[in-house]
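Worksheet: one structure, shown below.
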Amino acid sequence: MTAIISITEQGNQLALKLSKFLNQATCYTLPKYASDDLKPINGKLKDFCAELFSTYNNLVFVMATGIVVRSIAPHLRSKTTDPAVIVLDEKGNNVISLLSGHLGGANALTQQIAAHLNSNPVITTASDVNQLPSVDMLAQEHGLIIDSMVDAKDITALIVNRKNVVISDPFHILPPLSLSADKKDIEGKIIVSNRDKQNEDIPFVKLIPKNVILGMGCKKDTPTEQCLLFIKATLNKYNIDKRSIALIASIDVKENEQALIESAAHYKCPFKCYGADVLQTVESLFEGSDFVKQTVGVTSVSAPAAYIAGNKQGRFICEKERQNGITISIFEVKKG
């Protein structure tokens with residue numbers, strides 16, 4: 001969602017023009033200029049920015065940069081949560097990426113608006129100026145989670161300073177880095193990994209792919225807390241970063257099982273179930289039980305469900321762990 005904020009009549013004209021280009025963005029202006037297409041700014045702009053920050057992903061201000069800086073300053077929290085903030089002069093000659101250039105998308109939106117208006121894009125982030133990749137943009141473009149923004153900043157600084165930074169990416173998600181390093185020694189590393197702990201003796205940043213599927217089965221009415229404790233213990237045993245979990249998969253007779261539903265909610269991932277007829281197509285590949293077959297129609301649930309959910313492309317980190325009637329299989333989906 002995008003809001004365009006302007007405070008002069010000429011600025012309002014530019015705002016309305018931009019609104020059409022930006023998929024009918026919402027326009028705000030001073031109450032004296034308000035109309036059907038221009039909503040009024042409620043109270044002081046500095047106070048109104050609190051509402052804007054909590055509502056919109058992109059904020060486009062048509063006014064002096066100084067006004068914008070003073071107005072948004074009290075509301076800045078983090079580069080991972082702040083909206084993209086862009087500033088234009090009221091003639092649209094310059095489009096300035098002011099805040100959240102990478103993760104928020106301000107740099108990309110600045111380029112789009114400048115191209116539309118045939119105006120000058122002003123982007124000051126060092127990696128963009130030098131046409132070098134930044135860790136946060138690499139993560140955003142390839143759907144990876146940044147483990148530490150501090151590490152990301154440090155490794156990006158190495159890249160910008162043309163130090164020898166390498167990529168360790170067994171999934172072939174990221175493109176290779178093309179840096180002309182003066183030194184042969186590696187000074188930093190970008191690691192794409194779903195493992196929780198990393199052992200490195202040089203500065204590094206970990207980027208986490210969402211490529212782990214948990215196949216699960218459990219007894220009817222298993223307590224959610226029991227299920228969560230077993231998942232946590234299993235992830236710890238195999239050194240799996242919980243943020244890499246893309247899906248929890250099971251059989252359709254478990255689609256209303258609260259322990260599994262709530263476990264998926266806890267790990268902020270979807271919960272998907274398959275019919276016994278689907279799981280039967282691969283059940284012969286895995287250790288099974290006649291008792292389970294009589295109960296749910298397939299000899300095994302967790303491993304076949306994980307395998308099917310991963311489109312049969314990848315590998316098992318753990319084919320099966322059992323505890324208190326709960327089974328867990330960990331499947332790593334093949335990427336690239």
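Would you call residue 276 among the small types (Gly, Ala, Ser) and over 19 Å from residue 234 (Cβ atoms)? Even if it seems obvious, please write down each step before you answer.
Numbers: among the small types (Gly, Ala, Ser): yes; over 19 Å from residue 234 (Cβ atoms): yes.
Spelling it out, residue 276 is indeed among the small types (Gly, Ala, Ser) and over 19 Å from residue 234 (Cβ atoms).
Summed over the range 281-326, residues that are modelled with pLDDT of 90 or more and open to solvent by 40 Å² or more (accessible area, probe 1.4 Å) total 14. If the condition is being in contact with a strand residue (DSSP E or B) (Cβ under 6 Å, 6 or more places away or on another chain) and either closer than 12 Å to residue 203 by Cβ or open to solvent by less than 40 Å² (accessible area, probe 1.4 Å) (or both), then the range 147-162 contributes 151, 152, 155, 158, 159.
When the range 242-297 is filtered for residues that are among the acidic types (Asp, Glu) and closer than 21 Å to residue 219 by Cβ, the ones remaining, listed by number, are 252, 255, 257, 262, 283, 287, 290. With respect to the conditions (1) free of Cβ contacts under 8 Å to residues at least 60 places away in the same chain; (2) part of a helix (DSSP H, G or I); (3) surrounded by 15 or more Cβ atoms within 10 Å (Cβ to Cβ), residue 231 lacks only one, and its number is (1).
When the residues of the range 184-217 are filtered to those that are open to solvent by less than 10 Å² (accessible area, probe 1.4 Å) and either assigned to a loop (DSSP other than H, G, I, E, B) or without any contact (Cβ under 8 Å) to a residue 40 or more places away in the chain (or both), the one that is nearest to residue 265 (Cα to Cα) is 211. Here the range 30-88 is the region considered, the condition is being of a type in the set (Ser, Thr, Tyr), open to solvent by 60 Å² or more (accessible area, probe 1.4 Å) and outside any helix (DSSP H, G or I), and the residue that is nearest to residue 9 (Cα to Cα) is 35.
Quick check, is residue 249 modelled with pLDDT of 95 or more and open to solvent by less than 80 Å² (accessible area, probe 1.4 Å)? So residue 249 fits the description; yes. Please determine, by comparing only the residues of the range 263-277 that are open to solvent by less than 80 Å² (accessible area, probe 1.4 Å) and over 15 Å from residue 246 (Cβ atoms), which one is nearest to the chain's Cα centre (by Cα). Top of the filtered list is 273.
The values are calculated or read from the model by the stated rules, or taken from the named source; none is laboratory data. Here the structure is a predicted model, which is why all the values come from computation and not from measurement. Cβ sites come from the backbone with ideal geometry, for glycine too, and all protein chains shown count toward neighbours. Accessible surface is based on the protein model in full, side chains and every heavy atom, while ligands, DNA and RNA are left aside. Shrake-Rupley method; radii C 1.70, N 1.55, O 1.52, S 1.80 Å.
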